[in-house]
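One structure below.
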Ligand code: GLN
């Protein structure tokens, strides 16, 4: 299993560590030619969605990333990654990769903008720890299945080959969301092999 980790900005190293704990290989995508290699899945990390969106465009990565996801490449976006993948951003900001039928609300927790930890049920995984840092939530979904909620707000969702979390599983000790994503990637690989 080999996962590409978008490494333009933000918390990408932490994802690489989680993957390595689970026995998966990873490599960093810093420019267009890094993306031009076989991979079983792609991780888009937390950070600043506006910065990552700008860099994706400037580096000519936006279209190829969008195309590969549309073709079925399994992708996991955390926090800013969720915002980048949403087809709509609450408040009218222009969307970025725009692959998933959700509306993302940025910096959505009012006075709790800093960071906070919670524990909540994640569908199929039981209760898991969740770390939020200036996090978004999913204010509406028109096509994705909601997998977790905190305080009545949707914080994780899946639509076919796309998984997103508003929180940062890579900043906890809990490997279950990354394992869930690697299972998604393994299933997609089987489909392609048949
Ligand atoms: N607030 C950031 C944004 O809007 C996301 C924060 C994060 O990724 N930890 O892009």
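Here, each number is a calculation from the coordinates, and none is a lab measurement. Quick caveat: nothing in here was measured; it's all calculated off a predicted structure. All Cβ positions, even for glycine, are placed from backbone atoms using ideal geometry, and neighbour counts span all protein chains on display.
Below are the figures for this structure:
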read-out: For peptides 90-97, 144-151, sequence by mean Cβ density within 10 Å, most packed first; value: 144-151, 90-97
read-out: Label point distance in nm, residue 120-residue 33, each placed 7 Å from Cα along Cα→Cβ; value: 4.3
read-out: Efficiency of FRET from Cβ geometry, residue 25 and residue 190, R₀ 22 Å, rounded to 0.05; value: 0.75
read-out: At 0.890 mPa s and 25 °C, Stokes D of the stretch 47-194 from Kirkwood alpha-carbon radius, µm² per second; value: 158
read-out: Solution diffusion estimate, µm²/s, Stokes-Einstein, the stretch 13-119, Kirkwood Rh from C-alpha pairs, 25 °C, viscosity 0.890 mPa s; value: 165
read-out: The stretch 69-117, Rg to Rh (Cα coordinates; Rh as Kirkwood inverse mean 1/r); value: 1.03
read-out: Potential lengthening between residue 54 and residue 142 on full extension [0.36 nm per residue; Cα-Cα distance subtracted]; value: 29.1 nm
read-out: Sorted peptide list for 77-84, 164-171, 182-189, 8-15, criterion being average Cβ within 10 angstrom, highest first; value: 77-84, 164-171, 8-15, 182-189
read-out: Bins of 5 Å, starting at 0 and running to the largest distance - Cα pair percent for the stretch 29-89; value: 4, 17, 30, 32, 14, 2, 0
